[in-house]
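The values are calculated or read from the model by the stated rules, or taken from the named source; none is laboratory data. Quick caveat: nothing in here was measured; it's all calculated off a predicted structure. Quick reminder, even Gly has a Cβ in these numbers, built from the backbone with ideal geometry, and neighbours come from all protein chains shown.
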Amino acid sequence: MLYGSAYDAIRRKVDHIHVALHEDVEFHKLTTGLERYRLPYEALPEINRNEVDTSVTLFGKRLSMPLIISPMTGGTDEAAYYNRLLAEAAQDFGLGFGVGSQRVAIENPSLADTFDVRKVAPDILLFANLGAVQLNNGWGVDECVEAVDMIQADVLTLHLNPLQECIQPEGNTNFEQLSERIGEVCELLDVPVVAKEVGHGISKRTAKLLVDAGVAGIDVAGAGGTSWAKVESLRSYDEDLSLIGAELGEWGIPTAESLIEVRTAAPYVTIIASGGIRTGEDIAKSLALGADAVGMALPMLRCAAESREALHKRITQLREELVTIMFCASLKDCCSLKNSSIIKVQT
């Protein structure tokens, strides 16, 4: 039996899944900004569509397309089901996959199995996940190693979520000198470290701090997709915090803007674009703007909640859209896509 903070943590995980699946938690006033760009259409592409190659290498592993199923959940039986279903899909399609925050399993080892996906996905690029702010709450390299070892991960994600933490009644908001703690982890951990926002974007200033800390990658997780301020607002039992979350739920840096800023500030690290990525065209535009891969979370979770078939159909459609766009833009592989000229549409 779990009591106190352990019970609260599990309740939070249950709430996150329910709210994400059944409530309106996406941005509406603020868009990703990707609609302001387009790839040139070539009526005479001079390449064979059947030979278009969407594969990329990320952190030493080959992906069939530049797509990561981004972290959402863990810590409950329902979360374990979704994690394994999503990881199976990543294995079947050759994608990356990230679990949700493992804090609950480090504090309660009996829950570690809800994050264990290696038994169904032995070959995938797998991301462990902890909240970076925990490094200012007594945690350090040992807990990071535990998170990685728990699921035999290839990469550790340290997520950054100051706005989300402000709306959580139980939130941690001491981010003082956190880049120094992140630097210590980057220096001592045996696997690459990726810093990731949760849906409100990363600025040029933050990217520079992260590069100086030694991260191997940055996931911009920009505004325009799921707003975790809205998620927390909808699950909060504190009326004042709920109102603040609703008011600030549309705040952040649009994904395209964040991607460009981060790529400028961090030209030599791996960049993942997430936050409102919904189509093959979004994937193509993101790579043309500087991303090495993209992440998708909520659309995948909602498909998984519908059925395994719906999830596989969505991934298949994404790949076909990406192949078609690359073909019609005369881009034979992702390297060509990353070096292509994208056009900014006047608004």
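Residues satisfying the criterion are present in the range 152-172 (criterion: acidic (D, E) and more than 16 Å from the chain's Cα centre (by Cα)).
Working carefully through the options V99, V117, V104, find the one that is farther than 23 Å from F59 by Cβ, crowded, with 24+ Cβ neighbours inside 10 Å and among the aliphatic types (A, V, I, L, M). Working first, answer last.
On the way: V99 fails: farther than 23 Å from F59 by Cβ; V117 fails: farther than 23 Å from F59 by Cβ.
The conditions single out V104.
Restricting the first member to the range 332-347 and to residues that are of a type in the set (G, A, S), and the second to residues that are not in a loop (DSSP other than H, G, I, E, B), the beta-carbon pairs closer than 6 Å and six or more apart or on different chains are S340/A288.
Sub-8 Å Cβ pairs linking a first residue in the range 243-272 that is within 19 Å of V294 (Cβ to Cβ) to a second residue that is of a type in the set (D, E) and assigned to a helix (DSSP H, G or I), at least 6 apart or interchain, are I253/E261, ordered by first then second residue. Scanning the range 75-95 for residues that are in contact with a strand residue (DSSP E or B) (Cβ under 8 Å, 6 or more places away or on another chain) and either more than 23 Å from R319 (Cβ to Cβ) or of a type in the set (G, A, S) (or both) yields A87, A89, A90, G94. From the set of residues in the range 195-224 that are buried (at least 24 other Cβ atoms within 10 Å of the Cβ) and touching an Asp or Glu at 6+ places or on another chain (Cβ under 6 Å), which is farthest from A297 (Cα to Cα)? Going through the qualifying residues, I end up with K196. If we scan the range 57-65, do we find a residue that is assigned to a helix (DSSP H, G or I), surrounded by fewer than 20 Cβ atoms within 10 Å (Cβ to Cβ) and modelled with pLDDT of 95 or more? Among the residues of the range 57-65, not one is assigned to a helix (DSSP H, G or I), surrounded by fewer than 20 Cβ atoms within 10 Å (Cβ to Cβ) and modelled with pLDDT of 95 or more, which makes the answer no.
Within the range 282-315, being free of Cβ contacts under 8 Å to residues at least 60 places away in the same chain and either crowded, with 23+ Cβ neighbours inside 10 Å or closer than 28 Å to N48 by Cα (or both) holds for G290, K313, R314. Within the range 96-136, can you find the residues that are part of a loop (DSSP other than H, G, I, E, B) and in contact with a strand residue (DSSP E or B) (Cβ under 9 Å, 6 or more places away or on another chain)? Answer for the range 96-136, where residues must be part of a loop (DSSP other than H, G, I, E, B) and in contact with a strand residue (DSSP E or B) (Cβ under 9 Å, 6 or more places away or on another chain): V99, G100, S101, Q102, V117, R118, A121, D123, I124.
Only residues that are more than 24 Å from M65 (Cα to Cα) and touching a residue at least 60 places away in the same chain (Cβ under 8 Å) were counted across the range 19-43, and they come to 12. The residue that is nearest to the chain's Cα centre (by Cα), among those in the range 220-243 that are under 26 Å from T264 (Cβ atoms) and outside any helix (DSSP H, G or I), is A221. The single condition among (1) farther than 23 Å from A87 by Cα; (2) within 17 Å of the chain's Cα centre (by Cα) that A291 does not meet is (1).
When residues in the range 140-176 are screened for being over 26 Å from I69 (Cβ atoms), of a type in the set (A, V, I, L, M, F, W, C) and in a loop (DSSP other than H, G, I, E, B), 1 of them pass. Quick one: H22 ticks every box in (1) over 17 Å from A147 (Cα atoms); (2) within 17 Å of the chain's Cα centre (by Cα); (3) not hydroxyl-bearing (S, T, Y) except a single one, so which number is it? With (1) over 17 Å from A147 (Cα atoms); (2) within 17 Å of the chain's Cα centre (by Cα); (3) not hydroxyl-bearing (S, T, Y) applied to H22, the lone miss is (2). Just one residue in the set E88, E78 is at pLDDT 95 or above, among the acidic types (D, E), out of contact with any Pro (no Cβ under 8 Å at 6 or more places or on another chain) and assigned to a helix (DSSP H, G or I); that residue is E88.
Each residue in the range 244-289 was checked for being of a type in the set (V, I, T) and part of a helix (DSSP H, G or I), and 6 of them qualify.
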